[in-house]
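Engineer: First, the structure itself, so that you have it in front of you.
The values are calculated or read from the model by the stated rules, or taken from the named source; none is laboratory data. From a predicted model like this one, the values you see are computed outputs, not experimental measurements. Cβ coordinates were reconstructed from backbone atoms using ideal geometry, including for glycine residues, and neighbour counts include every protein chain displayed. The accessibility values were calculated without ligands, DNA or RNA, using every heavy atom of the protein model including side chains. Shrake-Rupley method; radii C 1.70, N 1.55, O 1.52, S 1.80 Å.
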Amino acid sequence: MNMNLTQEKVSELIRACAEGDKIALKEFFEIYSQDIYNFPLKVFHMSEDDASDFFLYAFERLRSGKRLQSFKGKSSFRTWFYTVLRNMLIDWKRNKKEVKIISANKVNSNGVEYSTIENEPDTLSEQKVNALSFADKFYEALADIKIENRITFKLAYIYYLNFREDEIQYILQKTGMNLGDFQKQILDLRERLSQKEEQSIKNEDKLTMLYLNIIELKQNLEKDAEHEFKDNLGNSNRIQDTLDKKYEQRRKLLEKREKGLFLTRTPYKVISSFLKIPEGSVSIALQRVIEKIKKSMES
């Protein structure tokens, strides 16, 4: 990414692009075209031909500026844009059928059809259907938490959440900060957390790459199985060994994600200093909030 632009100038440029300003869009592509091209080379180690194909695919979807409307400035543009590019790249690979999604017309217990990848449900369509209701339930559950614990929870996940007006006033009253200092501290904190988010994105990229590697290895194994020559046995064994290692790597990453280690969370020490409460109180408050939210959403 171009490091000469300040965050403020980048935000102004993106806002203009989101509004369809042709001059701003031209400037955007002059600045970021090389990053779009390099992304698949650096992250997925693709060939230059594939990188060129992806660039055209991304350009078609970015040139109107509409995709940039969802950038709210909560993190650095670099972090946000890499997530957009990663999602685009996955979609592009699916469109090229390099990721095989086998439609089996399967139906889950809720009557929603799903496809399979490696014989695993692809819940993306179902997630889109249920995303709004899930978000509604989450925020309803969070709103029922007493304000001091709710604020502790939001501060822990401030990279993703925003404070309401009554919560801001509560914080100002409790800490003695003025509104300007509060806003500056939150912006500084989100900027620091954006570096952690970059690591989370890298972990997601690793997971995505492992899925792609596993699919490719399974395809190679199936091709070898079609030939009944002894010369293929050694190759098949090597492929199987590599496949087993990829499965183990994927298992470990999935375990980390299940534990929430891919989420960007504010350190307890920072929350403690910000709210002027002991770190132990932060831990207890977060445990209580998480338990109540889980219980509320399961009911």
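Engineer: Look at the range 267-282 and say how many of its residues are of a type in the set (Gly, Ala, Ser) and under 25 Å from the mean Cα position of the chain (by Cα).
Structural biologist: 0
Engineer: List the pairs whose first member sits in the range 180-194 and is within 18 Å of TYR268 (Cβ to Cβ), whose second member is open to solvent by 10 Å² or more (accessible area, probe 1.4 Å) and not in a helix (DSSP H, G or I), and whose Cβ atoms are under 7 Å apart, counting only residues at least 6 apart or on separate chains?
Structural biologist: From the range 180-194, the pairs are ARG190/LYS74; ARG190/SER75; ARG190/TYR159; LEU193/TYR159.
Engineer: Sort out which residues of the range 284-295 are touching a helix residue (DSSP H, G or I) at 6+ places or on another chain (Cβ under 9 Å) and more than 14 Å from GLU148 (Cβ to Cβ), and write them in order of number.
Structural biologist: ILE290, ILE293, LYS294, LYS295
Engineer: Please verify whether ALA58 is under 26 Å from THR264 (Cβ atoms) and either part of a helix (DSSP H, G or I) or of a type outside the set (Phe, Trp, Tyr) (or both), treating the condition exactly as stated.
Structural biologist: yes
Engineer: Take the residues in the range 29-51 that are open to solvent by 50 Å² or more (accessible area, probe 1.4 Å) and assigned to a helix (DSSP H, G or I), then tell me which one is nearest to ILE14 (Cα to Cα).
Structural biologist: Within the range 29-51, the match that is nearest to ILE14 (Cα to Cα) is GLU30.
Engineer: Right, next: Going by what's in this entry, would LYS93 be described as closer than 25 Å to SER194 by Cα and modelled with pLDDT under 85?
Structural biologist: no
Engineer: Considering the range 147-169 alone, what residues qualify as being part of a loop (DSSP other than H, G, I, E, B), modelled with pLDDT of 90 or more and open to solvent by less than 70 Å² (accessible area, probe 1.4 Å)?
Structural biologist: Selection gives PHE163 alone.
Engineer: Scan the range 58-76 for residues that are surrounded by 14 or more Cβ atoms within 10 Å (Cβ to Cβ) and at pLDDT below 85 and report the count.
Structural biologist: 4
Engineer: Let me ask something additional. So, in the range 6-27, exactly how many residues are within 14 Å of PHE71 (Cβ to Cβ) and of a type in the set (Ser, Thr, Tyr)?
Structural biologist: Here the count works out to 1.
Engineer: Still on this model: Would a scan of the range 253-261 turn up a residue that is under 30 Å from THR175 (Cβ atoms) and at pLDDT below 70?
Structural biologist: yes
Engineer: Taking the range 36-83 as the search range and keeping residues that are of a type in the set (A, V, I, L, M) and more than 24 Å from LYS22 (Cβ to Cβ), which one is nearest to the chain's Cα centre (by Cα)?
Structural biologist: Among residues in the range 36-83 that are of a type in the set (A, V, I, L, M) and more than 24 Å from LYS22 (Cβ to Cβ), the one nearest to the chain's Cα centre (by Cα) is VAL43.
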